[in-house]
Amino acid sequence: MNRWSTCCLLAAMAAGPVFATAQKQPVIPETSRTARAQVPSETQWRIEDLYATPQEWHADLATLKNEIAGLAAAAKDWTSSPQKMKALFELTDRMWIRGSRLYSYASNRHNVDLANPEWTAMKGEIEAVMVEGQSRLAFRNPDLLALGEEKFRQYLKAEPALEPWRFSVESVFRLAPHVLPPEQQKILSLTGLFSGALGDAAGALTDVDLPPVPVTLADGSRVELDQAAYQRLRSSPVAADRSLVMKSFWENHKKYENTLATLLNGEMKRQLFAARALNFPDCLTARLFPEDIPASVYHALIEAVHANLAPLHRYLKLKKGLLGLDTFRYEDVYASTVPAVTRLTSYDDAWKQILSAQAPLGAEYRQVLERARQERWIDVYPNLGKESGAYSSGVFGAHPFIKLNFNGDYDAVSTMAHELGHAVHSHLANASQPFATSDYATFLAEIASTFNENLLMANLLKSDADDRYKMFVLGNYLERIRSTVYRQALFAEFELDMHRRVEEGGSLTPDWLNQHYLELTRLYYGHDQGVTRVDDYIQSEWSGIPHFYMGYYVFQYSTGLIASMALSEQVLHGGKADAERYLDVLRAGGNDYPLTILKKAGLDMTTAAPTAAALKRFDELVGELEKLAAKVAKNGGK
């Protein structure tokens, strides 16, 4: 890039008005302090599609309890014939379908109204019932192992109707060294009664009980800094506000670091107990083995990211220049790369952008998206007591439910596309597979979501002739790769180190967590090389990452985006056959191991090639942004 052009561009950006968008900014409802009962029903998901009233929910819960009570009779000699085996499988499927519906209703109502004791109690009740059902099924895997693979193949030949359960039964045979005798398996299953308690406690503390911090912004406005306000204001175009918000937020968390460290330490030990009880050498192997993912895939991700920190540092240096900063701080990471072109998008316009972007996937995909809006699968805006963040949860026999906290910025639109990707994946899997193979592996889950983000970016780059807007879109996409590949790899490495410390007999203390998290953050973001200044208070950021309670989940955000970048390139530059191969990945649900499903689509995640290609593409996109910046500067900021 020409040095003079760059300097002119930075000066223009610092001045501000030359990059101001001509679009009138829409008014986005500010509802983060609005009581749930006051939120308009049209922006809430239609939870009544599961149960019209809590009374109906309780009646169905009683039915589930009766089904669980009837398991003992159904379990007698259930492997003595193909017909009895089929009858038990059908009963357990009915139980889990009913249970997932009950759980979805209670947990979704709880998550948008955390302080409501009715939903909290219902969520706890269905969790306990599901654990009881799981414990009553402790006989199933040992009985299958006693039957043996050869006998099961004979049953399958005699009774083809057993086919829906073939893959799950074959998976049990593969897990043979890790299946306990029935009584021991039942005891282990009962630990599910409290398996989520530590994560729930951490979430209740950080999302509900932790008092919001009052801060005064540069314009004199006073804000109660809770989770929703933090996520909104950390990307403020005012550098001083970004610093104030992040510093205040994490220093507030630090006051509770002893409690949060104790909860996290307990969670790591709970996971270690489960791993060792099932004869796994460590938690990573225990987590990956059921999905037939080699631990080498996890380690290779971290190694590849370490080897490719240079493109990240190149991006951060460019971002520093585009923001017109003398010093680039960690809190500047969340600022829009091209701040003067920041645009708010209404919920209606977000839908238009997403529908346009997904056009290469054809009519079937579009129809599912349109149903999601028309049938109110989505809870749109934040409200008082609503859980932070976003998710999509599928329900077999019903539609998925999507929780957003939409605020109109580009990240909100991208997140909306992301969660809709999850929802379509769940819908297509449920529609294409029997219940037994409808639930796709976590390793696949983040592919469909980030695939949608990839198409959104590509479409937006083509939809506007304004090079400044292209800079904005490309900058946001680069930020998505940073946050999904690099940031999640950092979390994955931190999580691995936490597990190793506990597995080696150590404990997670606030001092160790603070020091280690700070060291890793400084390594990734180039603190010692002068790329990013990472101040000491960032050491507390670990305390606000809920995924650490989910057992090696975060690395799949990275691998998911890496895989989706490869698949989306195939669809964008290919034809209908490529789109169909991708849709077949979504339709497959869990009818095979995830790496096998991806190989059928032409993607081998056991090699280093997809990760290397993704990080190379990231570096190329940084170069494209540099060129766009030089072009805009040469044209006098136009």
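What to note about this one:
- The one condition in (1) among the small types (Gly, Ala, Ser); (2) assigned to a helix (DSSP H, G or I); (3) surrounded by fewer than 22 Cβ atoms within 10 Å (Cβ to Cβ) that GLY408 fails to fulfil: (2)
- Residue ranges of helices (runs of 4 or more DSSP H) in the stretch 33-117 with at least 1 members of a type outside the set (Gly, Ala, Ser), at pLDDT 95 or above and closer than 30 Å to ARG153 by Cα: 54-69, 82-111
- Checked against (1) at pLDDT 95 or above; (2) in a helix (DSSP H, G or I); (3) not β-branched (Val, Ile, Thr), ALA12 passes all but a single condition, namely (1).
- Condition check for VAL297: β-branched (Val, Ile, Thr), touching a residue at least 24 places away in the same chain (Cβ under 8 Å) and surrounded by fewer than 20 Cβ atoms within 10 Å (Cβ to Cβ): yes
Let's see how each residue does on (1) more than 24 Å from the chain's Cα centre (by Cα); (2) modelled with pLDDT of 95 or more:
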position: LEU322; (1), (2): yes, no
position: THR327; (1), (2): yes, yes
position: ALA335; (1), (2): no, no
position: ALA340; (1), (2): yes, no
position: ARG343; (1), (2): yes, no
position: ALA350; (1), (2): no, yes
position: ILE354; (1), (2): no, yes
position: LEU361; (1), (2): no, yes
position: TYR365; (1), (2): no, yes
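- Pick from the stretch 500-517, criterion touching a residue at least 40 places away in the same chain (Cβ under 8 Å) and hydrophobic (A, V, I, L, M, F, W, C), ranking: farthest from THR285 (Cα to Cα): LEU513
- Filtered residues of the stretch 161-181 (kept if surrounded by fewer than 16 Cβ atoms within 10 Å (Cβ to Cβ) and farther than 23 Å from ASP439 by Cα): PRO177, PRO181
- Selection count, the stretch 518-539, where residues are in a loop (DSSP other than H, G, I, E, B) and free of Cβ contacts under 8 Å to residues at least 24 places away in the same chain: 3
- Any chance TYR537 is within 25 Å of the chain's Cα centre (by Cα) and either hydroxyl-bearing (Ser, Thr, Tyr) or more than 29 Å from ALA436 (Cα to Cα) (or both): no
- Subset of the stretch 157-178 (residues that are touching a residue at least 40 places away in the same chain (Cβ under 8 Å) and either under 22 Å from LEU71 (Cβ atoms) or of a type in the set (A, V, I, L, M, F, W, C) (or both)): ALA158, GLU159, ALA161, LEU162, PRO164, TRP165, PHE167, SER168, SER171, LEU175
- Among the residues listed as LEU561, LEU603, LEU615, LEU621, the single one being out of contact with any Pro (no Cβ under 8 Å at 6 or more places or on another chain), crowded, with 20+ Cβ neighbours inside 10 Å and of a type in the set (A, V, I, L, M): LEU561
- Residue within the stretch 499-507 that is buried (at least 17 other Cβ atoms within 10 Å of the Cβ), at pLDDT 95 or above, within 21 Å of the chain's Cα centre (by Cα) and assigned to a helix (DSSP H, G or I) present: yes
- Apart from one condition, THR262 fits all of (1) under 21 Å from GLU504 (Cβ atoms); (2) in contact with a helix residue (DSSP H, G or I) (Cβ under 8 Å, 6 or more places away or on another chain); the exception is (2).
- As a summary of the residue check, ASP332 satisfies the conditions (1) touching a Gly at 6+ places or on another chain (Cβ under 9 Å); (2) acidic (Asp, Glu); (3) under 26 Å from LEU460 (Cβ atoms) except for the one numbered (1).
- Enumeration of residues in the stretch 207-231 that are surrounded by 19 or more Cβ atoms within 10 Å (Cβ to Cβ), part of a helix (DSSP H, G or I) and among the hydrophobic types (A, V, I, L, M, F, W, C): ALA228, ALA229
The values are calculated or read from the model by the stated rules, or taken from the named source; none is laboratory data. Not measured: the values here are computed from a predicted model. Neighbour counts are summed over all protein chains in view; Cβ atoms, including those assigned to glycine, are modelled from backbone coordinates with ideal geometry.
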